[in-house]
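So the structure is just underneath, and the comments pick up after that.
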Amino acid sequence: MSDKWTTANIPDQHGRVAVVTGANTGLGYETAKALAEHGASVVLAVRNAEKGEQAAARMTGDVTVQALDLTSLDSVRTAAAALRSRFDRIDLLINNAGVMYTPKQTTRDGFEMQFGTNHLGHFALTGLLLDLMLPVPGSRVVTVSSTGHRIRAAIHFDDPQWERSYSRVGAYGQSKLANLMFTYELQRRLAAHGTTVAVAAHPGLSGTELARNTPAALRLPLTWLAPLITQTPAMGALPTLRAATDPAALGGQYYGPGGRNEVMGHPRLVTSSPESYEAAVQQRLWALSEDLTGVTFPVGPVGRSEQNSRHVDSRSAGADGRR
């Protein structure tokens, strides 16, 4: 398989329904645009419906908009109900939207903003839509993480909302680590069904609006270095698109840029941090997420004896996606 995977490698997507969160700008926009151009019926699930309509107007193909505010569980439930009324199947759910390095603040439900938006909102949305995916062969849940999951990598079970002290970088790292742990535990649960799979991706360093809250001490150096160390949103979206559409992709895999330090380049299989693969922590995070969101999934946990045989991740697959 070529190391230069591009949108030209995306198979025909006609007949498939794809829901992409945060799709009015940046990586989500490029992801949705490419899927629509290859024939998918694409839903832009966005916080600002007006901006979503403007983005849809710039795309070619069957593109519609669904209002979704991941900082509100009420909005997540309303959006899920609307999608369920419109579609009897979903082939691709791409959990792309996110916030980064925000000042200390909370979602409408009182969750730390980055953990609540990046992880809990997507956890709830996935759980509320998953039964529309389980009967669909080849359906996938793709969740976008970040190399930031390695920074101060831990799930702070003693203070998941960072109420005692707050680090915007640490909180972001927790949320992106949670994205990966969610993917791996979800794949373990999905394996018994044999249809839907869960895959993760990260964009490397891409020039998007996500970094607008970067701490001041880092902002100036990054401004000077950005042209040398960042890639376009279109390139940054390729790992997500490969995770979503490559026929060779396996559940539990993780895609990122193939260049040095996974900063730039065409997408390939990569490996996440050792902490992200800790099954006991994944399961503890899952239980916490269910408790906080009130959302349970139509797929249950597997027994410990089944975990090793049912969990596939990028550590056990070659760089070209083959076992």
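Please treat every number below as a calculation from the coordinates, not as lab data. Note that the structure is a prediction, hence the values are computed from the model and not measured. As a convention, Cβ positions derive from the backbone with ideal geometry for all residues, glycine included, and neighbour counts pool all protein chains shown.
Below are the figures for this structure:
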read-out: Cα-based reach from Lys33 at 17 Å (exclusive), listing lysines while leaving out same-chain residues under 8 positions away; value: Lys51
read-out: Label of the coordinate-derived value, Cα Rg over 2.2 N^0.38 Å, listed as [x] 0.91; [y] 0.96; [z] 1.06; value: [x]
read-out: Net lengthening on full extension, Ala248/Asp12 (0.36 nm per residue, minus Cα-Cα); value: 83.5 nm
read-out: Lysines with Cα under 25 Å of Lys104, excluding same-chain neighbours fewer than 8 positions away; value: Lys176
read-out: Other-chain or far-sequence residues with amide H under 5 Å of Tyr255's (modelled H); value: Ala200, Ala201, His202, Val270
read-out: Amide H contacts under 5 Å for Ala191, placed H, 5+ residues apart; value: none
read-out: Beta bridge orientation in the chain: antiparallel %, DSSP, nearest 5; value: 15 percent
read-out: Protection proxy ranking, peptides 269-282, 38-51, average beta carbon neighbours within 10 Å, highest first; value: 38-51, 269-282
read-out: Likely footprinting exposure, His122, His14, His266, fewest C-beta neighbours within 10 Å first; value: His14, His266, His122
read-out: Cα→Cβ-extended label distance, 7 Å offset, between Gln105 and Asp159, nm; value: 2.2 nm
read-out: Ordering of 84-94, 241-251, 176-186 by burial proxy (mean other Cβ atoms within 10 Å per residue, highest first); value: 176-186, 241-251, 84-94
